[in-house]
1. Residue by residue through the range 134-177, note down the ones that are of a type in the set (D, E, K, R), assigned to a loop (DSSP other than H, G, I, E, B) and modelled with pLDDT of 95 or more.
2. Only residues that are over 15 Å from the mean Cα position of the chain (by Cα), part of a loop (DSSP other than H, G, I, E, B) and in the same structural domain as residue 176 (by TED's automatic domain parsing): list them for the range 85-132, please.
3. Taking residue 54, is it at negative phi, among the small types (Gly, Ala, Ser) and over 16 Å from the mean Cα position of the chain (by Cα)?
4. Got at least one residue in the range 118-133 being among the small types (Gly, Ala, Ser), more than 14 Å from residue 207 (Cβ to Cβ) and touching a Ser or Thr at 6+ places or on another chain (Cβ under 6 Å)?
5. Which numbered condition in (1) touching a strand residue (DSSP E or B) at 6+ places or on another chain (Cβ under 6 Å); (2) assigned to a loop (DSSP other than H, G, I, E, B); (3) surrounded by fewer than 17 Cβ atoms within 10 Å (Cβ to Cβ) is the only one that residue 72 fails?
6. Would you point out the residue of the range 23-51, among those that are within 17 Å of the chain's Cα centre (by Cα) and among the polar types (S, T, N, Q), that is nearest to residue 11 (Cα to Cα)?
7. Filter the range 200-211 down to residues that are among the small types (Gly, Ala, Ser) and assigned to a loop (DSSP other than H, G, I, E, B) and give me whichever is surrounded by the most Cβ atoms within 10 Å (Cβ to Cβ).
8. In the range 223-248, which residues are at pLDDT below 95 and charged (D, E, K, R)?
Amino acid sequence: MRDNVVHVRIVSPLVTRGFRKLEDLKAIEYPGISISHAEIATGPGSIESEFEAAMSVPGTLVEILRAEREGVDAVIIDCMGDPGLRAARELSGMLVAGPCQTGMHVASMLGHKFSVITVMRRLIPSFENTAALCGLSSKLASVRSVDIPVLELEADLAATAKRLVEEGRRAVEEDGAEALIFGCTGLMGCAAGLREGLLAEGIDVSVIDPIPTAISVAAGIVRAGLTQSRMTYPAPPEKQLLGYDALRAAMLPQAAQ
């Protein structure tokens, strides 16, 4: 942390250029926080499956290690699958946060139970598994989907907003949710619209936008002088690693490059 400013880097684990715009991230900066952005060089165009999440991890780790070398204070992985989160915490002494893990813990503090509203139905098991790993299964009311692919969320914003309100209402009225989380970081910026849509129907619940939330939580952890535990995330043993030249290079000490 330099000049009392926490530098947070958002690493998008996608190769679709322009999906995350730096100006959108800069718009949510506030005093004491500086936000930068990086995209991976090799990996999927979007993440809507466990396979695509796995394919994104090597490139994501490369960018996280680069951020640490550049003096960044914390990295947030720009996907609600939190791809590579545990691996990154083993490789890096810098704080690495996942928006899904962070959002779920925040939601559990703001409401008795929470629901996730994601893009595709096939992702429901992934969120249920993450809740279990976080020890929050009893807090998870449901996972609902709008059934709109990630790269089509902005194609018809009115339709996306309508589906979010529909599933948000059902999560509250049918599933017992008292807080909502977006299950895709591609929905960044939609929280106010969803909350207004629900308020118009007499539903007053917290709506968590995972990326802005993770930025604020990460900055607070950095300011507290904390990072992930080395007991939980010990550095990986040194051994042969074939076929991952960019990752191997990123793992070398700076002086050796």
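1. Residues satisfying the conditions do not exist here.
2. Selection gives 111, 112, 113, 120.
3. Here the answer is no, as residue 54 does not meet what is asked.
4. Yes, because at least one residue in the range 118-133 is among the small types (Gly, Ala, Ser), more than 14 Å from residue 207 (Cβ to Cβ) and touching a Ser or Thr at 6+ places or on another chain (Cβ under 6 Å).
5. (3)
6. Going through the qualifying residues, I end up with 36.
7. Looking at the filtered set, the residue picked out is 200.
8. Answer for the range 223-248, where residues must be at pLDDT below 95 and charged (D, E, K, R): 238, 239, 245, 248.
The values are calculated or read from the model by the stated rules, or taken from the named source; none is laboratory data. Bear in mind the structure is a predicted one, so any value in this text is a computation, not a measurement. Virtual Cβ from ideal backbone geometry, glycine too; neighbours counted across all protein chains shown.
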